[in-house]
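Encoded as structure tokens, the structure appears first; notes follow it.
The values are calculated or read from the model by the stated rules, or taken from the named source; none is laboratory data. Everything numeric here is computed off the predicted structure, so don't read it as measured data. Here the Cβ positions follow ideal geometry from the backbone for every residue, glycine too, while neighbour counts run over all protein chains shown. Areas reflect the complete protein model, heavy atoms only, side chains present, ligands, DNA and RNA absent. Shrake-Rupley method; radii C 1.70, N 1.55, O 1.52, S 1.80 Å.
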Amino acid sequence: MFDTMNIVQGDIMAQPLVSVILATYNREELLMRAVDSVLLQSWHNWELIIVDDGSTDGTPQLLDVLSRSHPRIRTFRQENQGPGRSRNRALRESSGDLISVLDSDDAYAVDHLHLRVRFMIDHPEVDFIFGGYRAIGSDAQLLVPDMDDPSVQVPLDECVVGGTFFARRGVIEQAGCWESGYGEDARLFARIRSSFLVKKVDFPTYLYHR
């Protein structure tokens, strides 16, 4: 549990309060949109952990530049293992008291971290929050394959968006972390909800690019 008495909005501390974990694979042309959205956050006490899941484009070179240019960005590379294992690797490398997820083709609004940190400070009993996104895409793109039957399309609003996950340290690990395969976010969420106090937030600061 972090000490709310020592948290001042805008401070950059030696120990980051929030770890943003980001897994990427062959997203060279989109990755900087996600990274820039973290760099522009109004809440500054964060670290960004990026795991490159064996990209074959220019992603490794881009990450080398980022890690040299920004001390709060740490990058790792592994052989391709899928998004679930990449997020687990990023989680293991993180050090913050709060864990925030970001997909490499999405972005945060400028107050994304601030609003979520403030919520967790104001609600110390809550272990995990989700929700609060704005979908960007056509009507057809706002349908996604059903987790149980991928041949069926369901509205995005009926699903959990993994990029909006925001957890206290230890919650995701105790729930077993991400598994491999389609629907890993939903399966993780179901395990967390069965064991922890979970709340849905409605500030739409996660920019979900379809």
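Residues whose amide H falls under 5 Å from that of TYR208, counting only those 5 or more places apart or on a different chain, are ARG134, ALA135, ILE136, with hydrogens built in the peptide plane.
Per-residue ellipticity at 222 nm, computed for the chain from helices alone with -39500 (n - 2.57) per DSSP H run of at least four residues, works out to -8500 deg cm²/dmol. Count charges around GLY176 for me, please; just the other residues with Cβ under 14 Å from its Cβ, Lys/Arg as +1, Asp/Glu as -1. That works out to +2. When the chain is treated as a Gaussian network with alpha carbon springs shorter than 10 Å, the biggest mean-square fluctuation among VAL152, VAL38, VAL160 belongs to VAL152. Karplus-derived 3J(HN,Hα) values for segment 93-108, using 6.51 cos²θ - 1.76 cosθ + 1.60 with θ = phi - 60°, are 7, 7, 9, x, 7, 10, 10, 10, 9, 9, 7, 6, 9, 10, 7, 9 Hz; glycine and proline are entered as x. Max-minus-min Cα coordinates of segment 55-110 on each principal axis give 31, 27, 22 Å, with the largest extent listed first. Taking amide H atoms as placed 1.01 Å from N in the peptide plane, the amide H of TRP178 lies under 5 Å from those of ASN88, each 5 or more residues away in sequence or on another chain. Here segment 42-164 exposes an accessible surface that is 50 percent carbon and sulfur, computed with a 1.4 Å probe and the other protein chains kept in place. Both radii are taken from the alpha-carbon atoms of segment 90-143; with Rh as the Kirkwood radius, Rg/Rh is 1.02. Peptides 45-53, 161-169 ranked from most to least packed give 45-53, 161-169, packing being the mean of other C-beta atoms within 10 angstrom over each peptide's residues. Could you tell me the center-to-center distance, by alpha carbons, between segment 96-123 and segment 162-210 in angstrom? If we compute the Cα centre of each part, the gap is 13 Å.
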